[in-house]
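The values are calculated or read from the model by the stated rules, or taken from the named source; none is laboratory data. Since the model is a prediction, treat every value here as computed from it, not as a measurement. Methodologically, a virtual Cβ is constructed for each residue, glycine included, from the backbone with ideal geometry; neighbour enumeration extends over all protein chains shown.
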Amino acid sequence: MTVEVSMFSCLSDNYGFLLHDVSSGFTAAIDTPEVTAINKALSNKGWKLTHIFNTHHHFDHAGGNAELKEQWGCEVVGAAKDASRIPGLDKGVHDQEKFSFGGQEIEVFSVPGHTSGHIAYYLADASILFVGDTIFSLGCGRLFEGTASQMWSSLQKLMKLPDETVIYCAHEYTEANADFAITIEPDNDALQKRIEKVRGLRSELRPTVPTTLGLEKSTNPFLRAEENSIQRRLGMLGGEPESVFAKIRQMKDSF
């Protein structure tokens, strides 16, 4: 194994992630939701923090940047267009830019919607995608700064990746998302089976993250706006997928 991901719970419902490149010893925190939890995870692994990769500027994703940078002297990477909102930013990156992280190549995707400057990090060789708050297990992020059109385009960009891509999303929202998803597509057998599994995991306080792109494409209503069954249920058969997605997002906001 050339790369390892360590996942841990923090705050009330966040997940933190450490990305470790074995060949170089480099370790990146994917966002900085809670300094204490990140340092504990580093200690448990015996790793030293060399980088921070921010997906967006929200406090539960970048709030620990300054303290960790002062402690570890690590390099902070984030969206160039959000330079004024990412604390301690050292390296600003752009859409489709690729950069080296030890022996790994990481590609950046601009995925506005949840925020205007949101980005995702993709490791093609390891089939790993860190999505922040863009995709959730059975859900997607709220549109705080972007539009439904922007978010749908962002999701479309990520859906072009291989189905086996492992998705690390930043919150444990799956059970609540499942309650909504089944109202959108009640006859989806794959969704019904998945909800049963999710209930079992959460009854034991086990995580439902990570997920895979293929699983999300078969069960996540926000990625399925082109499906006739969903369009028919919403009275939008033949409608533009972007409009169907906007309707689903609107329904979830008031669910």
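Of everything in region 216-230 that's over 15 Å from Thr183 (Cβ atoms) and either basic (Lys, Arg) or without any contact (Cβ under 8 Å) to a residue 24 or more places away in the chain (or both), which residue is surrounded by the fewest Cβ atoms within 10 Å (Cβ to Cβ)? Filtering region 216-230 for residues that are over 15 Å from Thr183 (Cβ atoms) and either basic (Lys, Arg) or without any contact (Cβ under 8 Å) to a residue 24 or more places away in the chain (or both), the one surrounded by the fewest Cβ atoms within 10 Å (Cβ to Cβ) comes out as Asn228. Residues in region 63-78 that are more than 17 Å from the chain's Cα centre (by Cα) and assigned to a strand (DSSP E or B): Glu75, Val76.
Answer yes or no as to whether Lys81 is assigned by TED's automatic domain parsing to the domain that holds His114, free of Cβ contacts under 8 Å to residues at least 24 places away in the same chain, of a type in the set (Lys, Arg) and outside any strand (DSSP E or B). Working first, answer last.
Working: assigned by TED's automatic domain parsing to the domain that holds His114: yes; free of Cβ contacts under 8 Å to residues at least 24 places away in the same chain: no; of a type in the set (Lys, Arg): yes; outside any strand (DSSP E or B): yes.
Criteria not met by Lys81.
The residues on offer are Asp133, Asp163, and the sole one that is touching a Cys at 6+ places or on another chain (Cβ under 8 Å) and on the phi < 0 side of the Ramachandran plot is Asp133. Restricted to region 235-255, and to residues there that are without any contact (Cβ under 8 Å) to a residue 40 or more places away in the chain and hydrophobic (A, V, I, L, M, F, W, C), the residue that is surrounded by the fewest Cβ atoms within 10 Å (Cβ to Cβ) is Leu237. Being more than 19 Å from Trp72 (Cα to Cα), free of Cβ contacts under 8 Å to residues at least 60 places away in the same chain and crowded, with 18+ Cβ neighbours inside 10 Å is the filter here; which residues of region 9-39 pass it? Result: Cys10, single match.
Each residue in region 202-222 was checked for being out of contact with any strand residue (DSSP E or B) (no Cβ under 8 Å at 6 or more places or on another chain), of a type in the set (A, V, I, L, M) and not in a helix (DSSP H, G or I), and 1 pass.
Results for (1) in contact with a Lys or Arg (Cβ under 8 Å, 6 or more places away or on another chain); (2) in contact (Cβ under 8 Å) with a residue 12 or more places away in the chain; (3) among the aliphatic types (A, V, I, L, M), shown as yes or no for each residue.
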position: Lys91; (1), (2), (3): no, yes, no
position: Gln96; (1), (2), (3): no, yes, no
position: Gly102; (1), (2), (3): no, yes, no
position: Val111; (1), (2), (3): yes, yes, yes
position: Ser116; (1), (2), (3): yes, yes, no
position: Ala124; (1), (2), (3): no, yes, yes
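Which one of these is of a type outside the set (Val, Ile, Thr) and under 23 Å from Asn14 (Cβ atoms): Lys197, Lys193, Lys217? First the steps, then the outcome.
Working: Lys193 fails: under 23 Å from Asn14 (Cβ atoms); Lys217 fails: under 23 Å from Asn14 (Cβ atoms).
The match here is Lys197.
The single residue among Gly117, Gly132, Gly141 that is in contact with a strand residue (DSSP E or B) (Cβ under 9 Å, 6 or more places away or on another chain), under 17 Å from Gln250 (Cα atoms) and not hydrophobic (A, V, I, L, M, F, W, C) turns out to be Gly141. For region 115-133, the count of residues that are among the polar types (S, T, N, Q), touching a Phe, Trp or Tyr at 6+ places or on another chain (Cβ under 9 Å) and closer than 22 Å to Arg194 by Cβ is zero.
Of all residues being farther than 17 Å from Ser149 by Cβ and not in a helix (DSSP H, G or I) in region 223-239, which is nearest to the chain's Cα centre (by Cα)? Just the residue, please. I'd like the intermediate steps shown before the answer.
Of the residues in region 223-239, the ones farther than 17 Å from Ser149 by Cβ are 224, 227-235, 237-238.
Cutting the leftovers down to not in a helix (DSSP H, G or I) gives us 224, 227, 234-235, 237-238.
Details: Arg224: 17, Glu227: 23, Leu234: 27, Gly235: 30, Leu237: 29, Gly238: 30 Å.
Within region 223-239, the match that is nearest to the chain's Cα centre (by Cα) is Arg224.
Among the residues of region 40-48, is there at least one that is at pLDDT 95 or above, closer than 26 Å to Pro112 by Cα, in the same structural domain as Val108 (by TED's automatic domain parsing) and among the aliphatic types (A, V, I, L, M)?
First pass over region 40-48, keeping only residues at pLDDT 95 or above: 40-48.
Within this subset, residues satisfying the condition of being closer than 26 Å to Pro112 by Cα are none.
No: zero hits.
With the structure loaded, tell me whether Leu143 is under 16 Å from Phe245 (Cβ atoms) and touching a Ser or Thr at 6+ places or on another chain (Cβ under 8 Å) or whether it fails that test. Spelling it out, it is not the case that Leu143 is under 16 Å from Phe245 (Cβ atoms) and touching a Ser or Thr at 6+ places or on another chain (Cβ under 8 Å). Taking the numbered list (1) crowded, with 17+ Cβ neighbours inside 10 Å; (2) over 15 Å from the mean Cα position of the chain (by Cα); (3) among the acidic types (Asp, Glu) in turn, Asp60 passes all entries but (2).
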